[in-house]
1. Which pairs do you get when a residue that is over 16 Å from VAL205 (Cα atoms), found in the stretch 408-424, comes within reach of a residue that is at pLDDT 95 or above and loosely packed, with under 15 Cβ neighbours inside 10 Å, reach meaning Cβ atoms under 9 angstrom, with the pair 6+ apart or on two chains?
2. Answer with yes or no whether LYS237 is basic (Lys, Arg), in contact (Cβ under 8 Å) with a residue 12 or more places away in the chain and in a helix (DSSP H, G or I).
3. Regarding THR174, is this residue of a type in the set (Ser, Thr, Tyr), crowded, with 23+ Cβ neighbours inside 10 Å and out of contact with any helix residue (DSSP H, G or I) (no Cβ under 9 Å at 6 or more places or on another chain)?
4. List the number of the failed condition for ALA159; all other conditions in (1) under 17 Å from the mean Cα position of the chain (by Cα); (2) more than 23 Å from THR7 (Cβ to Cβ) hold.
5. Mind checking which helices (runs of 4 or more DSSP H) fall wholly inside the stretch 353-445 and carry at least 1 residues that are in contact with a helix residue (DSSP H, G or I) (Cβ under 9 Å, 6 or more places away or on another chain), buried (at least 24 other Cβ atoms within 10 Å of the Cβ) and not basic (Lys, Arg)?
6. If a residue must be among the small types (Gly, Ala, Ser) and in contact (Cβ under 8 Å) with a residue 40 or more places away in the chain, how many such residues does the stretch 148-182 contain?
7. When you look at ARG269, is it touching a Ser or Thr at 6+ places or on another chain (Cβ under 9 Å), among the charged types (D, E, K, R), closer than 30 Å to VAL319 by Cα and modelled with pLDDT of 95 or more, yes or no?
8. Answer yes or no as to whether SER18 is under 23 Å from ASP428 (Cβ atoms), in contact with a strand residue (DSSP E or B) (Cβ under 9 Å, 6 or more places away or on another chain) and of a type in the set (Ser, Thr, Tyr).
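The values are calculated or read from the model by the stated rules, or taken from the named source; none is laboratory data. Being a predicted model, the structure only gives us computed values, none of them experimental. Note that each Cβ is placed from the backbone with ideal geometry, even for glycine, and that neighbours are counted across all protein chains shown.
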Amino acid sequence: MLVRIETSPEDILGMQASAGILTARGGMTSHAALVARQMGKVCIVGAGELEIDYKAGTLSCGGTKLSEGDWLSIDGSTGEIYAGAIATQPSDVARWVFAGRGKPRRARSPALREADALGRRDRRLRVRANADQPDQCQNAIAFGAEGVGLCRTEHMFFAPEKIDAVREMIVSETETQRVKALARLLPLQRKDFEGIFTAMGPRPVTIRSLDPPLHEFLPHDDATIKRLAHEMKIPHKRLAAKIESLREMNPMLGHRGCRLGISFPEITRMQARAIFEAACNVARTKRFVPRVEVMIPLVSTQSELVLQGGIVHEVAEQVFAEKKRRIPYLVGTMIELPRAALRAATIAESADFFSFGTNDLTQTTYGISRDDGTRFLPMYIEEDIYPEDPFATLDTLGVGRLMQIAVEEGRKTKPGLKMGICGEHGGDPRSIEFCHTLGLDYVSCSPFRVPLARLAAAQAALREKKK
């Protein structure tokens, strides 16, 4: 069990190795909750009464103290935490999908068969999955996903063979140094994309360019900083000062998303090359052509999309000339800032698709940190200030109104503009019904929520027919 005060992207390997994840801070759309859902891991976030001492390796609560190596059990449905080991068994769905050895097979449980039949006949919304690795893609297909709606490339960077090259790139002082570090990353990222395209076959795959602030990739403990300084052959104090200079007061509203690509276009260039080289390689060896969709995050102006999209188009043409093969592709953006929703008509001029990132759109519309809001959100719901947690079920009056404006304005500019949602609301039934009403083309959610999303999309269509 991975026990943390809160997780960050650098915990990704620990999360993969764990049977479950427990954090003292966080909410429905915090890092731990998002990644655990995607991996199919049991997770409890926001257990504020826990006292976690990293140095001592202990967990304390209500007079009970556990040390690293002790048994701990958690119930992700109820939020209960137990000292000791409790017998477990797989869910009915998991038993059907993951029975036997090898890759997960197509879900054949009676309930899922019935839901699939209903979904094929009546639903209009397609259902994709948020997946970052080939095994997650295989899970998604087993549950009935019709594509990948969000591939977070940053989660690929924390593998042991990649993280040092990423860190070297971040602390580089010159573009030449950054390009050298990125050259080490290129074949590794290309291999990741080849695995994803192979797993997904001819289904669409939406890949988001690098999004989180750079400080999340850097070490914070002195021992790792010293090791990295030694490997990079730079003074320890100089590296420590560089890392400190990258810290931000409010990183989620800081130097991240498309702002990173504009500041360091060589990052976008490397990622685009990895994507298109991988797509061409897979198309050459398989009997299908990958369907590539490149998504630029955190755009608030058309100019940002033009700059980043221009790099993607330029690199695509270079790769197609080198490989003597063309791959059809789209370049679009995430609508996750209020200004982007309000300026959708102009942004749509340069976009092939919109994907609503409702985790951040909710955060920026309410002005509530999705990680820190858990300290007061339960009280707000109890006092009926909010009818429900806006990070769990879409706020149709506020956030939904911005989405409606973006849909209407975007399709005025481009009537056939494809639109979807890749925030965690894409797996919530009431939010899915709202997406159906808006006329979105697809919803995307964690692989293990795909069956529920398919059923909810079908129910939304049936209710519309009944009306």
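1. Once the first residue is over 16 Å from VAL205 (Cα atoms) and sits in the stretch 408-424, its partners that are at pLDDT 95 or above and loosely packed, with under 15 Cβ neighbours inside 10 Å give ARG411/GLY439; THR413/GLU349; LYS414/GLU349.
2. Values: basic (Lys, Arg): yes; in contact (Cβ under 8 Å) with a residue 12 or more places away in the chain: no; in a helix (DSSP H, G or I): yes.
So LYS237 fails the test.
3. no
4. The failed condition is (2).
5. Per the criteria, 358-366, 399-413, 429-438.
6. Of all residues in the stretch 148-182, those among the small types (Gly, Ala, Ser) come to 149, 159, 165, 172, 181.
Among the residues that remain, those that are also in contact (Cβ under 8 Å) with a residue 40 or more places away in the chain are: 149, 159.
The qualifying residues number 2.
7. Answer is no for this residue.
8. Working: under 23 Å from ASP428 (Cβ atoms): no; in contact with a strand residue (DSSP E or B) (Cβ under 9 Å, 6 or more places away or on another chain): yes; of a type in the set (Ser, Thr, Tyr): yes.
Answer is no for this residue.
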